[in-house]
Every structure is written in C-alpha cells, then in structure tokens.
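See below for the structure under consideration.
Read-outs throughout are calculated quantities, based only on the coordinates presented, and are distinct from any laboratory measurement. None of the values given here were measured: they were computed from a predicted structure. Here the Cβ positions follow ideal geometry from the backbone for every residue, glycine too, while neighbour counts run over all protein chains shown.
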Amino acid sequence: MSTTFETPPSASINRVQIIDLPGLPLEESVRGLRGDELISSRALMTLAAPHAAALGLDTADLPSVLPDLTRSKAQARRDAALIVGRALTGDDPAARAAAQDIATRLGENLGWLLIALHRGDEANRRVRTDWQTADWEKWAAIRSVWLGGGLSSDALGQAIAVSAHRLLRDLGYNDIDLRRSPYGGVIALVGAARTLPLLPNEQQQRAVLGFDFGHTLVKRALLRYADGALVEVVGLPSLLTEWSEIYPVEEDEAALGRNVLCFIADIIAQTAAQRSDIEPVALVSVAAYKQKGRLVGNGPYASIHAAEGNRPAADILSQAASRAAGRTIAVHPIHDGTAASLAHAGAPNSAVIMLGTALGVGFPPVNQDGLRAVRLASR
C-alpha cells in the first residue's frame, strides 16, 4: 500500500489492570481485572452463566472464568451475544431482566476501564510495566472514544454505551465523550477500504473484496467505489473461526502458522471464486498488530511468520491466496484496531475501542491524508 498505518503492539488495552482508583467507589467485582476480563464476548459469557436458565443458554457453554480461544467455541461466543442482545427487546420479562443486568455490568466495566486509562493512577501503572509515561499521557488526552465491533451493535451495544455513559457522568467524568461508531460491526472493513490506493485519474467505478479476520468471526464484504470514494459495503455471510479446528494437536507454532495461513487463504480464494467479476484484490483487517510489514503479537494470526519466515505478511498472504485460488490475488493486511481507527480519521485526541472476543484499539490519525473519502448511502 502507498501509505503505512500502524499501531504498536504495546497499545493493547487488554492487559490494562484496575488495581485501584483512589477516591472513587471502585466495585470489588472490578478490582484486579484486566481489560479483556472486564468487557469482551468472553466476559459476556461469564456474566451470562448465572442467567443461563432465564436466557435459554446451555451452562456447558458458559464458563465461570474467562476462557481462552481454544477452550470456548466461537459459535457459543457468538450465540451468547446474539441471545443477550435479542432478549433486551424481547417479550420474556425474565430474559429481558437478565440481559439488562449483563449489559449494564459490561457497560459499567467499560466505564471503569476508561476512567482507569484516563487517570493513570500509580497503582495501575505499576502492573503495566511495558507502558511508558507517554502511553498514559496519550490516554489522559483522549476526549472522544468510538465503540466498534460486534458487541457495539444493535440493542446490546446501545445498552452497554448507556450504562458506561451513566457511570462516567455519575462519577464526574463528563469530559470523556463516548459514542458508538455509526459503522458498528463493520468499522474495520470501512477503515481497511479507505486504504485502497487511488489510480491515476481514477474516475471509474471499482469493486474489491474486504475481510475482517477476527477471533470469533470472519466478516466479509464487497467494497464498491465511485469517483475515488467508498460508496457501498455489501455484506457477505460471516464465517465462524473455530480455533479448536485450526490449532494443531501438538504445540507447534510452525504447524499453527501453516494451518492459519491455509485458513485465511482458503476463505479469500473461495470468496473470490464467487465474485470473479471484481478486481483480484483483498483488503484484509486482521486481529494481529502489524509492524514493518510483519504480523506480530501473541495471537494465532501472527504465527504465519513461524511457518513462512520474516517475509512481509502481504507477500505471504498474497502468495497463499493466489495459490489457493489458481489466479493472482493481491492481499493487503492491516491490524483490525488500526483499520477501525481509519474509519474516523481526522478526529484529534480520539480513540477507537473494538468490543469483540477481546479488545482492539486504534487511534485515528489527525488528518485523512492517504485515505479515500467515505460516502456511504447508509450506515
């Protein structure tokens, strides 16, 4: 791509831990928890466990402690969030009350996390040893926070945002403007779509494929452009990411990398085969940080380099997808939080938090240089 947009791996807020917030009535149920334990689809599952009967959920799918990726089913994570969201507007009073309790807790947890990030108390700094003073100062300067990702959508996202707003207001943190992104669950697809380089004197309509490889779902879309701007995101059916089927039996990072690469390449190739009329380009948001062309971090997507060496991720993925498709496909990967932040480029002192299997984060650039305009008819 012509312009590089990157977020350092250290920006992750999953490992921000709330030890204390002096002077505030910090709830004991929050104390000591990390960001991903406070609000995520996995956190939702643990909060839903006491309400399984009211919601009609299977207790076997609802662990009492936060599960890792390989010990919880993607379908169970997705279904729990869908059921809680639907119950919020359903006719069953018991289910509606249970869902409201879960959404309220998630929203309050988000509020506590934002306060901890904003304040940067010494007790919380001490346990985040990889963050420097500048990392905490960055969050202290944040005034606008956009919420995106699966948990931010529909009734559940609205209830979470209302609960977080209430806590921030009640505790006097009115200077943190918290909003749901109008792009909701497709925010990373919109941001990635903005990175498609403009052709010289581009005027014709164009269409490419967009993918968002998350830890629970792979979201897919047809991205349409006109006069240089993104004008339509046509959603295609999402696919589950079942890590229990991708992780090798024996712990072997190279074998995992081969499996992950095959998983990504096959999905891109199969989707492209259904849309042979469009450009052979795939804009890919992925749940892994990208640094100097490589995917990095401790998540499974970064393991592709253990199998394919330190070549740029774009080269590895393009080669694998082209081989699987039997024709050349150019794949352009970008970190999902960074992609989401590009959807709101031009907003200074702002952050985007992705509410999903874990927390994604990105910081919108202060200008829109190198990015396409967005002119979607509807969001």
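So which residues in the stretch 101-145 are of a type in the set (Asp, Glu) and either touching a residue at least 40 places away in the same chain (Cβ under 8 Å) or buried (at least 19 other Cβ atoms within 10 Å of the Cβ) (or both)?
Just the residues of the stretch 101-145 that are of a type in the set (Asp, Glu), to begin with: 101, 108, 121-122, 130, 135, 137.
Listed by number, the residues that qualify are 101, 108, 121, 130, 135.
Of the conditions (1) touching an Asp or Glu at 6+ places or on another chain (Cβ under 8 Å); (2) surrounded by 23 or more Cβ atoms within 10 Å (Cβ to Cβ); (3) touching a residue at least 60 places away in the same chain (Cβ under 8 Å), residue 181 clears all except one; give me its number. Going through the list (1) touching an Asp or Glu at 6+ places or on another chain (Cβ under 8 Å); (2) surrounded by 23 or more Cβ atoms within 10 Å (Cβ to Cβ); (3) touching a residue at least 60 places away in the same chain (Cβ under 8 Å), residue 181 breaks only (1).
Test residue 232 against the stated conditions and say whether it is free of Cβ contacts under 8 Å to residues at least 24 places away in the same chain, among the charged types (D, E, K, R) and outside any loop (DSSP other than H, G, I, E, B). No: the conditions fail for residue 232.
Put simply, of 101, 79, 91, 130 the only residue that is outside any helix (DSSP H, G or I), within 28 Å of residue 238 (Cβ to Cβ) and of a type in the set (Asp, Glu) is 91. Only a single item in (1) in contact (Cβ under 8 Å) with a residue 24 or more places away in the chain; (2) out of contact with any helix residue (DSSP H, G or I) (no Cβ under 7 Å at 6 or more places or on another chain); (3) within 30 Å of residue 251 (Cβ to Cβ) is not met by residue 7, and it is number (2). Among the residues in the stretch 286-302, are any crowded, with 24+ Cβ neighbours inside 10 Å and either without any contact (Cβ under 8 Å) to a residue 12 or more places away in the chain or closer than 26 Å to residue 203 by Cα (or both)? Scanning the stretch 286-302, I find no residue that is crowded, with 24+ Cβ neighbours inside 10 Å and either without any contact (Cβ under 8 Å) to a residue 12 or more places away in the chain or closer than 26 Å to residue 203 by Cα (or both), so the answer is no.
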